[in-house]
Each structure stands twice: as structure tokens, then as C-alpha cells.
1. When segment 1-12 is examined, which residues are found to be more than 7 Å from the ligand (Cβ to nearest atom) and of a type in the set (A, V, I, L, M, F, W, C)?
2. Restricting the search to segment 410-436, which residues are part of a loop (DSSP other than H, G, I, E, B), at pLDDT 95 or above and closer than 19 Å to LYS22 by Cα?
3. Hey, does segment 107-119 have a residue that's modelled with pLDDT under 95 and not small (Gly, Ala, Ser)?
4. At pLDDT 95 or above and surrounded by fewer than 21 Cβ atoms within 10 Å (Cβ to Cβ): is that true of ALA263 in this structure?
5. Test GLN423 against the criterion of being under 20 Å from ALA318 (Cβ atoms) and either among the aliphatic types (A, V, I, L, M) or within 13 Å of the ligand (Cβ to nearest atom) (or both), and give yes or no.
6. Of the conditions (1) more than 16 Å from the ligand (Cβ to nearest atom); (2) farther than 27 Å from VAL296 by Cβ; (3) under 25 Å from the mean Cα position of the chain (by Cα), GLY119 satisfies every one except a single condition; which number is it?
7. Please determine whether any residue of segment 404-413 is within 16 Å of the ligand (Cβ to nearest atom), closer than 27 Å to VAL313 by Cβ, surrounded by fewer than 22 Cβ atoms within 10 Å (Cβ to Cβ) and in the same structural domain as GLY13 (by TED's automatic domain parsing).
Amino acid sequence: MSRIVVVGGGLGGVAAAARLAKQRHEVTLLEARRELGGAIGTVAQDGFAWPAGPTTTMLPAALRDLFRKSGRPLERELGADLSPVETIREHRFADRTSVRLPGGSRGAQAAALEELGPGLGEAWVSHVDTYAPVWDVLRRHYVENPWDAADPPTDLRRLFAARQTLAKRLRRDFRDDRLAMIAGYLPTAEGHDLRNVPAWAGLGTYLEQCFGVWQVPGGMARLAEVLTNRLATRRVTVLAGVLGRDLVIRDGAVAAVQTDEGAIEADAVVVAVDPRRLPALARHVERTMPAIPPVVTRLGLTDEAPALEHDVVLHGDAMITVRPDGTAPSGHRAWTLLGRGKLSEDMVAVLARSGLDVRDQVVTRVDQSPRELVEEWHGSPYGVLWQGRGTPRHRLGPTTPVPGVYAAGAHATPGAGVPFVVQSGALVAAAIGPAS
Ligand SMILES: Cc1cc2nc3c(=O)[nH]c(=O)nc-3n(C[C@H](O)[C@H](O)[C@H](O)COP(=O)(O)OP(=O)(O)OC[C@H]3O[C@@H](n4cnc5c(N)ncnc54)[C@H](O)[C@@H]3O)c2cc1C
């Protein structure tokens, strides 16, 4: 058995810890905050509760696999299976046209987009189809198995070497700007400039169409609850309220994690936080920048506000996503607004001009700037900013240049977002292997 310290108790760190404990390692998890889960949590005020971060996930197999491989199946742990989201998002454009994008069906998406204009359904599915071979390469060599950045298989190397940017690809594939906005939505919402995102990284459209988008019964915060219990069952020592300050390197390999309470000895360390914040790793990631969270406003509304059944994206100078998830006292609704782009005024005012006027229905609100969110989570849950095709080689994970140090979470391979962060835990566990 070896002693492994995991730094960071967000979804990435918890996933790694659960798997490593199942592999019979002695695992200690350090979390700077009082609770585990990181961005997966709840913000509460005046009887309202809003999801702090994610509300849905792509690729449900990643979560199912985590539960199965670290203990009991997810549906037994949560009391119900994940449920598919019928309409992934409604996109509303400045010209007052709109489209509801269904999940998990090529035919349904083609039909929905055809209603925006003749030929648009076909243009959409032809674009999305181009990502099937991309996913095949990524899944095999990057998402489901640890990659070796120094010696990647030929098809992965070719993919990562491709020069085309997503901005260019969308201009080539779509004459209608609205389709480009829908296809560029996910990376834009995660804080990236499409001119710096490689074309292959636009594959979220394919994953949504092929595998659907899913909700966790009881909300994402339930995941943090059941995973916290899972760690207790697996006898992981959780040190909450403890910040990992740095790694202690002896004879060229990691030997401990430095905290304010002293050093915690380790045979291996999993860094599931922004590695730029740990001095011993900082020089290995100096070419990376974090992708910054959006401006967030959580609204408590009276039920005179419209009953939204799915996310609504308002495209304009700024892009605002309205998420109607969360719980509210009887006769009320809870919305979260996530803003990107040129936001020179209050998002509620922008909403009003776009036809969603709830100014008179607001009974409470919680505003959080990107800086406040980064401070709260001690880093950005959106991981590494796309700065061109070199980005996958510049971020760490599952291994790192420091012997004994592994990287998981949004800042590591294969990137941010619930399924990828969950997979990062699997990749680290595979790279470390079972205790001997
Ligand atoms: C508003 C918002 C909406 C989102 N929506 C979606 C969505 O709908 N679907 C989706 O798939 N993804 C979504 N995401 C992204 C997703 O939530 C994240 O990519 C994922 O949860 C990141 O997990 P993580 O463990 O890497 O990091 P985090 O959740 O950031 O957790 C990191 C943890 O490490 C702790 N920590 C940091 N530094 C230290 C240290 N030195 N020592 C000890 N502890 C430390 C922090 O306190 C934190 O708890 C969203 C994110 C946000 C912010």
C-alpha cells in the first residue's frame, strides 16, 4: 500500500481519491474549504437555493463508471438513474428568431434547425458529423486511457497538430451566423475565444447530439454528498479546511505536501487544483492561463416570471445563459444568469431588452464576479484557457514532469466539465495502478 495525498476536493480530486482508495492505496484528501465538491455545490439565500456550478453533464458513462468502479452503481447510490434532458437549450438571437436544440438525436436536431431556415438542418448535421472520427481518436487515446505527451499515437498527434481554428471552421461550415453561434456555444460559455480554440475541440456538439445531456436526480449537489460518503466508506482521510501550499521534493521526487499545519508525507501526490498555484509545479505550466468563470447573478423571483423548462441562451453583444434550475419557496422561481462578452450593464436589464423582463419579479439576488468565484474555489473550475493547438501539451496530466506527481481536475488532461474531470480521476488511477 502506498500513501497518496490528493490536493483539492472538487469533483476531480474526489473521483481520483475514490478510485485510488478502491485500488487499496492509503489516501488523504486535502480540501481548502469546509465541504467537498468544489464547483458542485449550492448557493443559498432567503429560502432560495441555486446550483453553484454545473446543472447537467454530457457523457453519462463517465459518472456511471466512477460509481461502478469505486463501489455501488450510481442509481443505487442516488436512488434513481440519471435522466436525459429533452431540450438541451433554447437559443434566442438578436433578430428575435429562436431554436430549441433537442439532445441525443441527429434527426430531431436536423428537424429543429431546419425550422430556422431551409437547408440549415442539413448544414448542421453535416458539421456535427465531422466530429465522429475526432471523438474516436480522443476517446481511445486521451479520454479513456492515459496519454504520453512525449510519444502520442500518430492519429492523436495529427489531431493535435491540425492548424484550423474553431472560428475558421464555423465560418467555413455555416453561412448562417446563428448556426455558428450554436456550434460555438460551449467553448464560448466556458470562457474561450474561438480564434484560439482548435477546430477539433468543438466536438461538444457531437457529444450532445450522440450521447445526450443528462441531469442528476436531486441536482448536482447530491453527487458531492454521495461521493463524500463514498470516501468515508473507502476510508479516505479527508482534511477539510486545509490548503495545500506546495509540494516537498526530495531527491528529485515528491515526498510530501506542505500545509500550514505541517508537511504530510506521501509516496505520490495527485494535484487536482490549478498547478500554477503550487510553486513546485508552477514552472511546468508557465505557458498556461486559466479560463475565467462568467459573471454570475442568481435571482429569486416571484412566479410571475416565466416558467422556463430548459436553459435559454440570449445571443447579442453579450451572451447570457439563463438556467432555471434550483429550488425556491412556494410561489417563486430560482434562476441563474451566466454572462459572457461585452457586459456593460446589469444582466437583468439586458434580459429585459431581449424580451425576458423580470425586473419587477426579483425578490432577492446574489451577484458574483469572476474574481470572487475564482477566490471562492481557489482557482477556476473552467481549467486551462485555450491558447491555440499547443494547449493540450502545455497542461499536465495524468502524469507530470515531477516524479510521483499526477494531475487531475479541470486544469489537467482531458480538460474541464463534469465528464472530463471525472475521467481525469480514472486516468490518474490508471497511471498509478493498484497498490502492490
Ligand atoms: C458556473 C459554472 C457552471 C458550470 N456548468 C457546467 C455544466 O453545466 N456542465 C458541466 O459539465 N460542467 C460545468 N461547469 C464546469 C465544471 O463544474 C467544472 O469543470 C468541474 O466541476 C471542475 O472540477 P474540479 O474538481 O477540477 O475543480 P473545482 O470544482 O474548482 O474544485 C477544486 C477544489 O480544490 C480546492 N482547492 C483549490 N486549491 C487548493 C489547495 N491548494 N489546497 C486544498 N484545496 C484546494 C478548492 O477549494 C475546490 O474545492 C460549470 C462550472 C461553473 C463554475
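The values are calculated or read from the model by the stated rules, or taken from the named source; none is laboratory data. The structure displayed is predicted, hence computed values, not measured ones. Cβ: placed from backbone, ideal geometry, glycine included. Neighbour counts: every protein chain shown.
1. Taking segment 1-12 as the starting set, the residues that turn out to be more than 7 Å from the ligand (Cβ to nearest atom) are 1-6.
MET1, ILE4, VAL5, VAL6 - these are the residues of segment 1-12 that are more than 7 Å from the ligand (Cβ to nearest atom) and of a type in the set (A, V, I, L, M, F, W, C).
2. Taking segment 410-436 as the starting set, the residues that turn out to be part of a loop (DSSP other than H, G, I, E, B) are 410-411, 413-417, 433-436.
Filter once more, keeping what is at pLDDT 95 or above: 410-411, 413-417, 433-435.
Listed by number, the residues that qualify are GLY433, PRO434, ALA435.
3. Of the residues in segment 107-119, the ones modelled with pLDDT under 95 are none.
Scanning segment 107-119 turns up no residue that is modelled with pLDDT under 95 and not small (Gly, Ala, Ser).
4. On the way: at pLDDT 95 or above: yes; surrounded by fewer than 21 Cβ atoms within 10 Å (Cβ to Cβ): yes.
Answer is yes for this residue.
5. On the way: under 20 Å from ALA318 (Cβ atoms): no; either among the aliphatic types (A, V, I, L, M) or within 13 Å of the ligand (Cβ to nearest atom) (or both): yes.
Considered against the rule, which asks whether it is under 20 Å from ALA318 (Cβ atoms) and either among the aliphatic types (A, V, I, L, M) or within 13 Å of the ligand (Cβ to nearest atom) (or both), GLN423 comes out as no.
6. (3)
7. Narrowing segment 404-413 to residues within 16 Å of the ligand (Cβ to nearest atom): 405-413.
Of the ones still in play, those that are also closer than 27 Å to VAL313 by Cβ are 409-411.
From what's left, surrounded by fewer than 22 Cβ atoms within 10 Å (Cβ to Cβ): none.
Within segment 404-413, none of the residues are within 16 Å of the ligand (Cβ to nearest atom), closer than 27 Å to VAL313 by Cβ, surrounded by fewer than 22 Cβ atoms within 10 Å (Cβ to Cβ) and in the same structural domain as GLY13 (by TED's automatic domain parsing).
Per-residue answers, yes or no, for (1) within 21 Å of PRO290 (Cα to Cα); (2) in contact (Cβ under 8 Å) with a residue 40 or more places away in the chain:
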{"residue": "LEU351", "(1), (2)": "no, no"}
{"residue": "VAL358", "(1), (2)": "no, yes"}
{"residue": "ASP367", "(1), (2)": "no, yes"}
{"residue": "GLU372", "(1), (2)": "yes, no"}
{"residue": "GLY397", "(1), (2)": "yes, no"}
{"residue": "ALA416", "(1), (2)": "yes, yes"}
{"residue": "PRO419", "(1), (2)": "yes, yes"}
{"residue": "ALA430", "(1), (2)": "no, yes"}
{"residue": "PRO434", "(1), (2)": "no, yes"}
